[in-house]
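Values in this text are rule-based calculations from the coordinates and carry no lab data. These numbers come from a predicted model, not from an experiment. Because the Cβ atoms are built from the backbone with ideal geometry, glycine has one as well, and the counts that use them run over all protein chains shown.
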Amino acid sequence: MMRLLILGLATVGGAGFFPVASGTFASLLTLPLYYVLRDHVGLYIGVTLACLISGIWAGGRAETYLGEKDPHPVVIDEVVGQLVAAAFLPHHLFYPIAAFFLFRLFDIWKPFPAYASQRLPGGWGIMVDDVIAGVYANALLQLGRLFLPW
């Protein structure tokens, strides 16, 4: 039962087993959650932190169950990274869409120190690089707000 809970959490209810681009699929699945939470800052932060903490825990254990470091089906990290990327942005349709694409770009590219963070042990190595990618995406969008008309 515990194994099922851990894998269910780490794979976001099995979304990580999507046959193509499961990380992108999990990021897309996060957008409705963003829309539900975006007007409730405290809840947004709480859900993001809960996903981060549970992702560190479940991700590390999923590595053991699945027999590899940062297994492909583990996508809870994409949920957290996407929530970080979209946090505290204006309520204009442009921003969550841009956050999605920028997060995916930075998650794949893994600019410093994201790539190096993958060497962290267990769930930390799974989660931290996506948090960093989300921070990069969010920071770029926050800077862009200074120059965009909406």
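Worth a mention:
- For the chain, pairs of C-alpha atoms spaced more than 25 angstrom apart make up 24 percent of the total.
- For the chain, the longest principal axis of the Cα atoms and the long axis of helix 122-144 meet at an angle of about 10 degrees.
- Comparing F18, Y65, Y34 along the charge dipole axis of the range 1-90, the residue lying farthest to the positive side is Y65, per the Cβ-charge model.
- Most mobile listed residue (A85, A26, A98) in the chain, GNM with C-alpha springs under 10 Å: A98
- 0 to 90° range, to nearest 10: angle between helix 22-37 axis and the chain longest Cα axis: 50
- Rounded to 10°, Cα long-axis angle of helix 41-66 versus longest principal axis of the chain: 30
- Within the chain, longest stretch free of exposed trypsin sites (Lys or Arg not before Pro) [DSSP loop, at most 16 other beta carbons within 10 Å]: 1-68
- Each helix, a run of at least 4 DSSP H residues, gives -39500 (n - 2.57); summed and divided by the residues of the chain, these come to -23000 deg cm²/dmol at 222 nm.
- One decimal place: the segment M1-A139 gains 45.7 nm when fully extended, by the rule 0.36 nm per residue minus the C-alpha distance.
- The range 2-143: relative contact order in percent, alpha carbon pairs under 8 Å with at least 6 residues between: 28
- Distance between the 7 Å Cα→Cβ label points at F101 and T64: 4.2 nm.
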